[in-house]
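No value in this document is a laboratory result; all are computed from the given coordinates. The model shown is predicted, which means the values in this text are computed figures rather than measured ones. As a convention, Cβ positions derive from the backbone with ideal geometry for all residues, glycine included, and neighbour counts pool all protein chains shown.
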Amino acid sequence: MLAECAHVIIPDASELAMRYYKSGNILWILGQAWALIVPLLFLFTGFTGKLEKFSKAIGKNWFFTLVVYLVLFLGIFQLLSFPLDFYTDYLRQHSYGLSNQPLSRWFDNYGKSFLVTLITAIAFLWIFYLLLKKSPRRWWLYGSLVSMALSFFMIFIQPLWIDPLFNDFGPMKNKELEQQILSLADKAGIENGRVFEVDKSKDTKMVNAYVTGLGASNRIVLWDTTLQRLQPDQILFIMGHEMGHYVLHHIWWGFLYFSALSFFLFYATYRLASFLLHRYHRRFGFNDLSHIASLPLLLFIFSLLNLLTTPLTNAFSRYEEHEADRFGLEITQNNEAAGTAFLALQQENLANPRPGSIFRFWRSTHPPIGERVDFTNSYCPWAEGKPLKYGPLFKTQPAQPQ
Ligand SMILES: [Zn+2]
């Protein structure tokens, strides 16, 4: 028999939320298709070959040819993607009342994120092209090892160097709540836990919180919108969920998952790229993968494989999110607060609590809100004197409810 731990009822998605959901699906399909079509355009028009010749004429040596090509390729790519980006991230968010971000700030962030992409590409892509040149048969193996090291580095620096370019991260302003969060962290066995408040209200009205970084850069970040819209006990549950990610080492597991996946992605890219190049090199305008002109080909294959493996990645993520929910419930033992926190997430973020199975498969990194509330309503082993799954991890056993 199911325990009755709370009685939170999830309303159906509002008409507005359903419109947001349906149009979001169409935009997602468009975005995915566009990310595949643009590289194909570069390839089948032979433009990428011409772009490389032009880059060589300006850059002269191997490295600067690569740099000039990257600046031009990424610049054109961004221009072609601009209409869809602008509509999706700016116009649409405003028309649904989810944002009051000024246009200038949107452009500012858009430009900055382009620069971050460009600098990252220039800083790292040459390594892969050097491997392609020096080791035409084994580059996929060395490349996947390099990408592991690089992703480790990027996860580490993200909260320190990249995120602060876009927002201000500071200590929590509500000191009373901060104290409650820190004592919850203490119970979760987190020592020297870092909790940051970020000024996301400048960008969005949506609410969220997340865990980021590795080791010394590891931290929990709370959007200020969450602090404004949710009640303290709801925020405590959300923090309990985030602490679950932290204590259960989800960032490390995610890193391992992507490392394993990258072996497959690199190897499959190696095989497919060789096959396609052999077949179409005349149209593409280059005949060797180690030429920077091959970038759209590698990008196309990588995006395609990535899309095909998304359901697996999402299933992995949903499992972790479910366990973080369990951890949050066990440590706070406040099912009512958890359930109503999910309701607030549904309302503030215009979520569809019961999406269709295709959406779930391809787009849900989290269990749908409806399922999370069902779980919250039925999971409270402590009320029946049963052991907690994560109880042994807690520093002091949580007090039994009277
Ligand atoms: Zn989570």
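A few points about this structure:
- Long pairs among Lys200/Lys389; Lys22/Lys389; Lys205/Lys386; Lys112/Lys175; Lys175/Lys202, criterion Cα-Cα beyond 31 Å: Lys200/Lys389; Lys22/Lys389; Lys205/Lys386; Lys112/Lys175
- Ranked packing of 27-37, 45-55, 236-246, most packed first, by mean Cβ within 10 Å: 236-246, 45-55, 27-37
- Sites Leu103 and Ala260 - FRET efficiency at Förster radius 45 Å, r taken between beta-carbons, to 0.05: 0.60
- Lys173-Arg282 FRET efficiency (beta carbon distance; Förster radius 60 Å; 0.05 resolution): 0.45
- Folded to 0 to 90 degrees: helix 335-348 orientation relative to the chain principal axis, Cα: 40
- Rounded, prolate or oblate (a/c below 1.5 giving rounded, otherwise prolate when a/b exceeds b/c) for the range 182-246 by Cα gyration tensor: oblate
- Gyration tensor (alpha-carbon) shape descriptor, the chain, a/c threshold 1.5: prolate
- Each label point was placed 7 Å from the Cα along the Cα-to-Cβ direction; for Leu80 and Leu145 their separation is 3.5 nm.
- Rounded to the nearest 10 degrees, the inclination of helix 295-332 to the longest alpha-carbon principal axis of the chain is 10 degrees.
- C-alpha long axis of helix 103-134 to longest principal axis of the chain, angle in °: 60
- Added length on full extension, which subtracts the Cα-Cα distance from 0.36 nm per residue, Lys134 to Thr365: 79.3 nm
- With both residues required to sit in the chain, DSSP beta bridges show an antiparallel share near 60%.
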